[in-house]
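Below you'll find the structure, written out as structure tokens, and then a few comments.
The values are calculated or read from the model by the stated rules, or taken from the named source; none is laboratory data. Just so you know, these numbers come straight off a predicted model, no measurement behind them. All Cβ positions, glycine included, derive from the backbone under ideal geometry; neighbour counts span all protein chains shown.
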Amino acid sequence: MNILALNSFQILLLIVLAMLLVGSVVATLRGWATRREGTIWVALCAAAAVVTIWPKLTGRVADALGIGRGADLVFYCAVVVMMVGFWVTYMRLRYLRRELTLLVRRIAIIQAEETPPSTDLEATSAASQRPDPKAD
Amino acid sequence: MTPGRTTSPNELPSEVRAGAFIIVPAYNEGTCLTKVVREIRAAYPNVVVVDDGSTDETFEVSRGCARFSLRHLINRGQGAAIQTGIDFALQRGAGYVVTFDADGQHCVEDIAAMLAPIVAGECDITLGSRFLGEAIDLPTSRRVMLRLAVLFTRVVNRVALTDAHNGLRAFSRRAAERMTITLDRMAHASELIDLVRRSGLPFREVPVKIRYTEYSLSKGQSSRGAIRIAVHYLLGRLMR
């Protein structure tokens, strides 16, 4: 395949993909992303690049899978990848929120402020700040 | 259930009142917190205000009136605030834990009615019910919404309660130890009912009075908010 046969849109796409690919490799090497995450990103970029350079390839794969048009195959794949991506991100966000709550609650308890008791009842309660034996 | 029963705080032994921790979750309640806390504190010394990351002066106000003031550095929702209060109370040796809304909709006299059956050993958890008791100046739209919430509870939580979302609740120490609220925001009310049911501990509803004021209504849930809460709760349940 002659590289000059690519149209400008394909070249633009390839540049973006190349940047993403280099970015993921660098991020993985510097330890910003795990090896697994890096591999997934590189594989996705590479697959997108292959499909960009040889668009007809998708048509053949789609034929083999009985999907019809190549563009449909790309579309289906993109939807699945995006859904998985959203799901993973959403779950991480949930987890992060939970962790944040635990942290905020712990700090609140550690930094609790107490004003001294001001009435008789409060004074007796200060003395009875032990677990209630009946309640166990 | 004993509708219409009235118990004055003085009927509870003073060691019960001294061992009861009243948890007041507060989010931007600076304007009327002092009044609410002072009222409670006159009968129950251990008032724990949990400021849920308010943007107003709630925490400063709390320091001036509550026995214990706790602050969430970041707003995490009422469920989280209640859980913080429960953890703190247990850590301080609470014999009983009561949750009490900061907006002044509850009556302090009702706390005694909530605690009485627990102190008597008849049950471990009491849940306030405005429909067994009295709902003063409750607008119709809010009434319909609360009825729907009850229906929701009956279907989803499989518990027949007359009022699913009342901020006034009381727990024995062992019941409080079994409460671990994981849903941060308002969906915790439904989650709490689940926790109550699954704790296997006896619970009952106690009639309480709710005062609807312009202020408490403005802090309550809109109907749209209620739907959001229901969805949030169901999602949370699916993912447990």
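I want to confirm something. Restricting to segment B:70-89 and keeping residues that are aliphatic (A, V, I, L, M) and more than 7 Å from every other protein chain (Cβ to nearest Cβ), which single residue is nearest to the chain's Cα centre (by Cα)? Only one residue fits best here, namely B:I82.
Taking segment B:32-46 as the range and being surrounded by 24 or more Cβ atoms within 10 Å (Cβ to Cβ) and either farther than 15 Å from B:D103 by Cβ or in contact with a His (Cβ under 7 Å, 6 or more places away or on another chain) (or both) as the test, the residues that pass are B:Y44, B:P45, B:N46. The test for being surrounded by 24 or more Cβ atoms within 10 Å (Cβ to Cβ) and more than 8 Å from every other protein chain (Cβ to nearest Cβ) does not hold for B:Y27. Is it true that B:I74 is in contact with a strand residue (DSSP E or B) (Cβ under 8 Å, 6 or more places away or on another chain) and either under 27 Å from B:E191 (Cα atoms) or buried (at least 19 other Cβ atoms within 10 Å of the Cβ) (or both)? Criteria not met by B:I74. Would segment B:202-225 turn up any residue that is modelled with pLDDT under 80 and surrounded by 21 or more Cβ atoms within 10 Å (Cβ to Cβ)? Within segment B:202-225, not a single residue is modelled with pLDDT under 80 and surrounded by 21 or more Cβ atoms within 10 Å (Cβ to Cβ).
Filtered by the rule that a residue be buried (at least 24 other Cβ atoms within 10 Å of the Cβ), among the hydrophobic types (A, V, I, L, M, F, W, C) and facing another protein chain (nearest Cβ under 10 Å), segment B:95-122 gives a lone residue, B:I118.
Considering segment A:99-118, the residues that are modelled with pLDDT under 90 and more than 7 Å from chain B (Cβ to nearest Cβ) include one that is surrounded by the most Cβ atoms within 10 Å (Cβ to Cβ), namely A:S118. Pick from segment B:114-133 the residues that are assigned to a strand (DSSP E or B) and of a type outside the set (S, T, Y): which of them is farthest from B:V150 (Cα to Cα)? Here the answer is B:I125.
Among the residues of segment B:157-172, write down those that are at pLDDT 70 or above and either surrounded by fewer than 20 Cβ atoms within 10 Å (Cβ to Cβ) or part of a loop (DSSP other than H, G, I, E, B) (or both).
Looking only at segment B:157-172, we keep the residues that are at pLDDT 70 or above, and these are B:161-163, B:165-172.
Within segment B:157-172, B:L161, B:T162, B:D163, B:H165, B:N166, B:G167, B:L168 meet the criteria.
Within segment A:1-34, the set of residues being of a type outside the set (A, V, I, L, M) and in contact with a helix residue (DSSP H, G or I) (Cβ under 6 Å, 6 or more places away or on another chain) comprises A:Q10, A:S24, A:T28.
Here's the yes/no breakdown for (1) among the aliphatic types (A, V, I, L, M); (2) in contact (Cβ under 8 Å) with a residue 24 or more places away in the chain:
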| site | (1), (2) |
| --- | --- |
| A:L17 | yes, yes |
| A:L20 | yes, yes |
| A:V51 | yes, no |
| A:L57 | yes, no |
| A:C77 | no, no |
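For B:V49, the requirement of being in a helix (DSSP H, G or I), more than 9 Å from every other protein chain (Cβ to nearest Cβ), in contact with a helix residue (DSSP H, G or I) (Cβ under 7 Å, 6 or more places away or on another chain) and crowded, with 24+ Cβ neighbours inside 10 Å is not met. Taking the criterion of being part of a helix (DSSP H, G or I), away from every other protein chain (no Cβ under 11 Å), under 22 Å from B:H165 (Cβ atoms) and of a type in the set (V, I, T), would at least one residue in segment B:32-42 satisfy it? Taking every residue of segment B:32-42 in turn, at least one turns out to be part of a helix (DSSP H, G or I), away from every other protein chain (no Cβ under 11 Å), under 22 Å from B:H165 (Cβ atoms) and of a type in the set (V, I, T). The condition of being facing chain A (nearest Cβ under 7 Å) and in contact (Cβ under 8 Å) with a residue 40 or more places away in the chain holds for only one of B:R67, B:R63, B:R92, that being B:R92.
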